[in-house]
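Below is one structure, written out as structure tokens; comments come after it.
The values are calculated or read from the model by the stated rules, or taken from the named source; none is laboratory data. Fair warning: this is a prediction, and the values are worked out from it, not measured in the lab. Every residue, glycine as well, gets a Cβ built from its backbone with ideal geometry; the counts of neighbours run over all protein chains shown. Side chains included, ligands, DNA and RNA excluded: accessible areas come from the protein's heavy atoms. Shrake-Rupley method; radii C 1.70, N 1.55, O 1.52, S 1.80 Å.
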Amino acid sequence: MQSKSIGIMITTVKVRKQVLVENLERLVKFVPPPFVIYIYNDAGPQLYDEIKSVIPITKINEITLQCFNDLGEINKDPVGCGGGRHFLFEVMKEKFDIIISLDDDMLIHEGWFEAIITGIEDHPKHSIFTGVVTDSRGRVQIAGSRMNFRGNTLKRRANQTVSGTYTVTDWGPLGCLVLCRDALKKEVTIPSLFVREDSAFFLICKNLGINETIVCKNAVAVHKANAVPSSNLRQPEKLQEAKEYYKKHYGLDM
């Protein structure tokens with residue numbers, strides 16, 4: 001079934017290692033190799049040696065794990081999920097046919113990958129795909145998003161129901177998004193914002209006419225939110241930077 005090159009991008013910090021390892025274990029178990037996992041370790045101590053054991057010896061030649069910024073060789077200061085995704089996407093987008101973007105605490109279920117690939121095959125004119133994200137009790141949190149402009153404000157509303165095998169919606173989110181085809185062209189970028197890069201990426205894709213997202217009902221993942229420190233805290237100065245970005249580029253208030 002798998003004939004296209006697959007890259008998976010995840011941003012994290014060392015203090016979130018436990019949930020990241022669960023994420024990686026699911027990927028190794030449920031995604032057929034070969035594929036490459038790129039992790040952006042945001043301004044944290046060395047992480048690779050602590051997580052490399054998730055790749056079993058039997059798959060060592062088919063699954064590649066790359067951990068960037070382990071020792072601050074790229075950025076000494078935290079760049080947040082947005083900055084990490086920006087860097088990884090620039091490294092990856094011209095190397096792979098399909099890029100899977102996951103939060104470090106997004107745990108895919110068995111069959112997730114196959115449902116996404118089937119969705120890609122069934123919708124050859126689309127470039128962005130997502131699945132259904134539940135909480136730990138199985139309640140739907142988000143199945144794609146509707147993005148609406150109200151005056152100078154961009155509003156997001158999560159879809160929480162899916163009718164039929166596929167639903168067409170406006171956006172992902174980036175924490176559980178699959179990009180292919182036109183979404184991997186050179187001119188497509190994830191803005192290097194510390195926070196709120198998701199909506200900024202949506203606006204770039206919307207301007208290119210590729211934002212329409214296919215929600216695959218049978219691609220289910222659980223968002224295992226952990227009460228641990230994050231590199232993506234809502235720091236006032238970082239929120240202000242995002243606010244200035246939206247105002248400058250789109251005349252929007254966020």
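Treating only the Cβ of Lys, Arg, Asp and Glu as charged (+1, +1, -1, -1), what charge dipole size does the stretch 37-164 show about its Cα centre? Round to the nearest 20 debye.
With Lys and Arg at +1 and Asp and Glu at -1, about 840 debye.
For the stretch 1-156, build the charge dipole from Cβ charges (+1 Lys, Arg; -1 Asp, Glu) around the Cα centre, then report which of Gln141, Leu24, Gln46 sits farthest towards its positive end.
The listed residue farthest towards the positive side: Gln141.
Could you tell me which of His86, Leu174, Leu154 has its Cα farthest along the dipole of the stretch 47-175 towards the positive end, charges placed at Cβ (Lys, Arg +1; Asp, Glu -1), taken about the Cα centre?
Projecting each Cα onto the dipole axis, the largest value belongs to Leu154.
Can you list which of the GluC sites (Glu not before Pro) found in the stretch 1-77 are DSSP loop residues with at most 10 other C-beta atoms within 10 Å?
Taking the stretch 1-77 and a limit of 10 other Cβ atoms within 10 Å, the loop GluC sites (Glu not before Pro) found are Glu73.
Given Gly164, Gln235, Phe201, which one lies farthest toward the positive end of the charge dipole of the stretch 131-254, if we put +1 on the Cβ of every Lys and Arg and -1 on the Cβ of every Asp and Glu?
Selected residue: Gly164.
At a 1.4 Å probe radius, carbon and sulfur cover how many percent of the accessible area of the chain?
The C+S portion of the solvent-accessible surface of the chain is 49 percent.
When ligands, DNA and RNA are left out and all protein chains stay put, how many square angstrom of accessible area per residue does the stretch 174-254 have with a 1.4 Å probe?
Accessible area per residue, the stretch 174-254: 47 Å².
Which residue, Ile37, Ile51, Ile99, has the most motion in a Gaussian network model of the chain that connects Cα atoms within less than 10 Å?
Ranking Ile37, Ile51, Ile99 by mean-square fluctuation puts Ile51 first.
Taking the Cα centre of the chain as origin and charging only Cβ (+1 Lys, Arg; -1 Asp, Glu), how large is the dipole, in debye to the nearest 20? Intermediate values should be presented prior to the final figure.
Values: 32 positive and 30 negative charges, 144 e Å.
With Lys and Arg at +1 and Asp and Glu at -1, about 680 debye.
Can you give the FRET efficiency for Val15 and Val168, using 1/(1 + (r/R0)^6), R0 = 45 Å, r = Cβ-Cβ distance, to the nearest 0.05?
0.75
Which aspartates and glutamates have a Cα less than 17 Å from the Cα of Lys52, not counting those fewer than 8 places away in the same chain?
Glu22, Glu25, Glu62, Asp70, Asp104
Give the separation of the Cα centroids, the stretch 161-184 to the stretch 67-91, in Å.
25
Sum -39500 (n - 2.57) across every DSSP H segment of at least 4 residues in the chain, then divide by the residue count to get the 222 nm mean residue ellipticity, nearest 500. Let's see the in-between values first.
Numbers: 6 runs with 68 residues, N = 254.
One gets -8000 deg cm²/dmol as the mean residue ellipticity at 222 nm.
Suppose the chain between Asp49 and Phe149 were pulled fully straight at 0.36 nm per residue; how much longer would it get relative to their current alpha carbon spacing?
Here the answer is 31.5 nm.
Per residue, what accessible area does the stretch 1-124 have, given a 1.4 Å probe and all protein chains present, in Å²?
Per-residue value: 43 Å².
Classify the stretch 38-186 as rounded, prolate or oblate, taking a ≥ b ≥ c as the square roots of the eigenvalues of its Cα gyration tensor: rounded when a/c is under 1.5, otherwise prolate if a/b is larger than b/c and oblate if not.
Prolate.
Multiply the residue gap between Lys4 and Lys248 by 0.36 nm, knock off their C-alpha separation, and tell me the result in nm, one decimal place.
84.0 nm
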